[in-house]
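Right, one structure below, let's go through it.
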């Protein structure tokens, strides 16, 4: 993970900003961190930012499909942490490689997760 910022505000909620490394091998570190941080707090939690992984296959448009094992791993981490995706309004995808035709990749990588 490239960046983590943790705040506890006066309303009794833990807020954590995530900026996941593009190193594919380090995704598991972020997932384990979600589990650990959520277990350590008795407060409701909000994690938001760039997770660099999808939850569903339809969150990626490319000539290559989303990595199924990464999707399963991320979903498992969220389930074990009692976290759920808050959804959002706006463009379907939050990242693009800005290429054309068959070389273009569009993905939803940013999200907000919460638990009570």
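The values are calculated or read from the model by the stated rules, or taken from the named source; none is laboratory data. On a predicted model such as this, the values are computed, not experimentally measured, just so you know. Here Cβ is always computed from backbone atoms with ideal geometry, including for glycine, and neighbour counts include all displayed protein chains.
Taking the stated definitions as given, is residue 63 surrounded by 15 or more Cβ atoms within 10 Å (Cβ to Cβ), out of contact with any strand residue (DSSP E or B) (no Cβ under 7 Å at 6 or more places or on another chain) and in contact (Cβ under 8 Å) with a residue 24 or more places away in the chain? Criteria not met by residue 63.
The residues of the range 94-116 that are closer than 17 Å to residue 67 by Cβ and out of contact with any strand residue (DSSP E or B) (no Cβ under 6 Å at 6 or more places or on another chain), listed by number, are 97, 105, 108. The set of residues in the range 39-60 being surrounded by 15 or more Cβ atoms within 10 Å (Cβ to Cβ) and outside any loop (DSSP other than H, G, I, E, B) consists of 45, 46, 47, 48, 49, 50, 59, 60. Reported count of residues in the range 71-85, each being closer than 14 Å to residue 56 by Cα, touching a residue at least 40 places away in the same chain (Cβ under 8 Å) and more than 11 Å from the chain's Cα centre (by Cα), is 2. Would you point out which residue out of 98, 89 is exposed (fewer than 15 other Cβ atoms within 10 Å of the Cβ), at positive phi and at pLDDT 90 or above? Going through 98, 89 in turn, just one is exposed (fewer than 15 other Cβ atoms within 10 Å of the Cβ), at positive phi and at pLDDT 90 or above: 98.
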